[in-house]
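The structure under discussion appears below in the form of structure tokens.
The values are calculated or read from the model by the stated rules, or taken from the named source; none is laboratory data. Note that this is a predicted model, so its numbers are computed, not measured. Heads up, the Cβs are rebuilt from the backbone with ideal geometry, glycines too, and the neighbour counts pull from every protein chain shown.
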Ligand code: SF4
């Protein structure tokens, strides 16, 4: 939210537990398999990588590692 000076301030409505990690794969994926080798609970690779969203929360660290390891930066973590 913006105040009259255009600055962002917190509204306090972001509650703990609501900041769930979401993972998407961009079209630039080259199906190299690196993400699957790091975390096969979340990533599986056929024509392109796909995400098993149900397993993301339990594997956050590995998801971040996979995102960092992706050679084309196709793994978007939000
Ligand atoms: S590491 Fe990146 S390029 Fe490789 S399969 Fe996974 S998303 Fe695709």
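Residues of segment 23-31 include none that is part of a helix (DSSP H, G or I), loosely packed, with under 14 Cβ neighbours inside 10 Å and at pLDDT 95 or above.
Every listed requirement among (1) loosely packed, with under 12 Cβ neighbours inside 10 Å; (2) without any contact (Cβ under 8 Å) to a residue 24 or more places away in the chain; (3) within 10 Å of the ligand (Cβ to nearest atom) is met by residue 36 save one, (1).
In this structure, residue 73 does not satisfy being in contact with a strand residue (DSSP E or B) (Cβ under 8 Å, 6 or more places away or on another chain) and modelled with pLDDT of 95 or more. Report, by residue number, each residue of segment 35-78 that is more than 20 Å from residue 19 (Cβ to Cβ), assigned to a helix (DSSP H, G or I) and in contact with a helix residue (DSSP H, G or I) (Cβ under 6 Å, 6 or more places away or on another chain). Once the filter is applied, which keeps residues that are more than 20 Å from residue 19 (Cβ to Cβ), assigned to a helix (DSSP H, G or I) and in contact with a helix residue (DSSP H, G or I) (Cβ under 6 Å, 6 or more places away or on another chain), segment 35-78 yields 35, 38, 69.
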